[in-house]
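A.B. asks: This is the structure I want to talk about, given as structure tokens.
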Amino acid sequence: MKAASRLLLVAALMISIGLHWAVVQSVAWVGMAVTYSVKTGSVVQGLSDTFDGEHACPLCHAVEEGTQKSSSEKDPAPSKILKDLKLHLAVTTAPVFVFEKPAAPEWMTTSQTGDIRALTPEPLPPRSGLLA
């Protein structure tokens, strides 16, 4: 399924950029080269007849007509597209959550900004019995 979807995507992209005409033209050239080479008995003469532009096959004519049609069907002018463009704006309300800063507990003696304590700690008692 995954491979089929990729193949379909590649085919759609090829058609959207007009690569299908190049593929059809390549098929026409290969067929013409083989046919003319067999007919004349020489590969050099067959390739010469294929690419000289005087011996075009029906498939080459179809490709030429198709590319002319697709190039003549250009997109309309941008001003025409912008003239037909209508902009619709929808105003909706979105919920807004406001969280208040929690109050500092009573035991906290420092501020959130790191100010100096209001109360200085008492010095530790000397440690007796421990020798350094």
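A.B. asks: For the range 1-52, what are Rg and Dmax over the alpha carbons, in angstrom?
C.D. replies: Values for the range 1-52 (Cα only, Rg and Dmax): 16.2, 47 Å.
A.B. asks: Calculate I(q)/I(0) for the range 20-74 by the Debye formula, one identical point scatterer on each C-alpha and no solvent, and give its log10 at q = 0.17, 0.18, 0.28 Å⁻¹ to two decimals.
C.D. replies: Calculated log10 I(q)/I(0) at the listed q: -0.53, -0.58, -1.04.
A.B. asks: Given labels modelled 7 Å from the Cα in the Cβ direction, how far is it in nm from Val44 to Phe99?
C.D. replies: In this crude spin-label approximation the distance works out to 8.4 nm.
Bear in mind that the values in this text are calculations on the coordinates, not laboratory data. Here the structure is a predicted model, which is why all the values come from computation and not from measurement. Cβ sites come from the backbone with ideal geometry, for glycine too, and all protein chains shown count toward neighbours.
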